[in-house]
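The values are calculated or read from the model by the stated rules, or taken from the named source; none is laboratory data. Note that the structure is predicted; figures quoted are calculated from it, not measured. Because the Cβ atoms are built from the backbone with ideal geometry, glycine has one as well, and the counts that use them run over all protein chains shown. Each accessible area value is taken on the protein alone, full model and side chains, heavy atoms only, with ligands, DNA and RNA left out. Shrake-Rupley method; radii C 1.70, N 1.55, O 1.52, S 1.80 Å.
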Amino acid sequence: MKKNSKEETRRKALQAESRKMKLTVGIDLGDEWSQCCCLGENGEVIEEFRVKTTREALRARLGDLKPMVIALEVGTHSRWVSELLQEFGHEAIVANARELRAITGSDRKSDRVDAEKLARYARVDRRILRPIRHRGKEAQADLLVIRGRAILVKTRTQLVNAVRGMVKSFGYRLPGCSAEHFGRLKEKIPAGLQEALNPLMEALEQVQQQIDSYNQQIEKLATEKYPESELLRQPWGVGAITSVSYLLTIEDKNRFEKSRDVGCYLGLRPRRSQSSQRDPELGITKAGDGFLRSLLVECAHRILSEKAPDSALKRFGERLQARGKKNAHKRAVVAVARKLAILLHKLWVTGEVYEPFPGGADPRRAQAAA
């Protein structure tokens, strides 16, 4: 009872302070409890407190305060918490975790210290936090369909590899087959092993049925809810999963001034660590959405395959491969994925018809005709 009375007194005191001045708050979000630090206009600590990471607790503690600037780090709970804070009238700043090395790499790291640092960064210059923007609820819900399918595909691969490995350990080998049709090999399992492995094969069939169901849902999303995905499916090797994921991840095609900025947003540009005369070649940043980046890399592998039709994008990758440097193929795949990300955004913004060779003519054919 005393504890509740004390918390109520502190809440009313904070409410009174918020009426006098505009506060800046930092919240270090935790899975069960979150630490808050409130700073005054001159940077003094007005209040520090813990609050449960639930809608009810946040509403009771922050819902009736005057509008404030609140900074929190991106994470599992940041999307719904930022939306809730905005409903209360506060300005929510979701900090990019990659820009918070002073917090994550500190040798005196704690929830209290982290919350205070977030508040001080937001008070001095919010650009230090490089705020990110969460996608909307509807886009997030639709993206779960694609993410759910990816989990089942991974499960299917594990089941297939497990069955093949168990059969092989007894001196047998199952015929080559795609994971999608692996269930057809049920009768090929040696008689002495069928009783032990049939449950795995049955589970595999159920997983495949759910994957097929997801495929239908994704195709429906592409054709009915997101018809603009048809523009993104023009380049060879790009299907419904990649095109819809691209639309849902970026969400707003006008958020980038230039299409080439998409490559940086998805972490497909090289990292840089230049100092004086030293400027080494580094790998990509891997910032942004890793799932969409992996889909684009998968598409790049298809574009560079032998069965892929000729295109300017394919030739670009082949030229990089021909240089013969270390990891030439890997670098070419990443470069093609980056070019593809830019191309898809360009098609989305302009609504143009995709041409495998810009200008409409194949240079090799033109030379042959001449």
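In straight-distance terms, cross-link reach from Lys52 covers every one of the lysines whose alpha-carbon lies under 22 Å from its own, apart from those fewer than eight places away in the same chain; here that gives Lys2, Lys3, Lys6, Lys12, Lys66, Lys109, Lys117.
Among Lys346, Lys286, the sequence by solvent-accessible area, most first, with a 1.4 Å probe is Lys286, Lys346. Across the chain, Cα-Cα pairs farther apart than 28 Å form 61% of the total.
Atom-type composition of the exposed protein surface of the chain places 48 percent of the accessible area on carbon and sulfur (1.4 angstrom probe).
For the stretch 285-291, 3J(HN,Hα) computed residue by residue from phi via the Karplus equation (6.51, -1.76, 1.60; θ = phi - 60°) reads 6, 6, 7, x, 7, x, 5 Hz, glycine and proline entered as x. Cα centroid separation, the stretch 265-307 to the stretch 51-112: 31 Å.
Summary value for the stretch 72-167: 26 percent relative contact order, contacts being C-alpha pairs under 8 angstrom separated by 6+ residues.
Cross-link pairs exceeding 24 Å in C-alpha to C-alpha distance, out of Lys307/Lys330; Lys225/Lys339; Lys307/Lys339, comprise Lys225/Lys339. The helix-based estimate of mean residue ellipticity at 222 nm for the chain, built from -39,500 (n - 2.57) per DSSP H run of four or more residues and divided by its residue count, is -16500 deg cm²/dmol to the nearest 500. Look at the dipole of the chain built from charges on Cβ: of Ser273, Ser311, Gly89, the Cα furthest out on the positive end belongs to Ser273. The modelled label-to-label distance between Ser273 and Thr285, using points 7 Å beyond Cα along the C-beta direction, is 1.6 nm.
Rounded to the nearest 5, the antiparallel percentage of DSSP beta bridges internal to the chain is 60%. Close amide H contacts of Ile46 (hydrogens built in the peptide plane, cut-off under 5 Å, sequence separation of 5 or more or a different chain): Cys38, Leu39, Gly40.
Under a model in which nothing but the beta-carbon of Lys, Arg (+1) and Asp, Glu (-1) is charged, the chain shows a dipole of about 1200 debye around its Cα centre. Remark: the chain carries 58 Å² of accessible area per residue (probe radius 1.4 Å; ligands, DNA and RNA excluded). The packing ranking, built from the mean of other Cβ atoms within 10 Å per residue, places the peptides 161-171, 230-240 in the order 230-240, 161-171, highest first.
For the set Ser78, Ser213, solvent exposure ranked by accessible area (probe 1.4 Å, protein chains only) runs largest to smallest as Ser213, Ser78. Between Arg135, Arg338, Arg112, the Gaussian network model of the chain with springs among Cα atoms under 10 angstrom shows the greatest mean-square fluctuation at Arg112. Remark: the His301-Glu138 segment gains 55.6 nm on full extension, using 0.36 nm per residue and subtracting the alpha carbon distance.
The distance between label points at Glu224 and Gln194 comes to 4.1 nm (points 7 Å beyond Cα on the Cα→Cβ vector). Calculated FRET efficiency, Val353 and Asn96, Cβ-Cβ r, R0 35 Å, to nearest 0.05? With a Förster radius of 35 Å, E is 0.45. What shape does the stretch 240-370 have by the C-alpha gyration tensor, where a ≥ b ≥ c are the square roots of the eigenvalues, rounded means a/c under 1.5, and otherwise prolate means a/b greater than b/c and oblate the rest? In terms of gyration-tensor shape, oblate.
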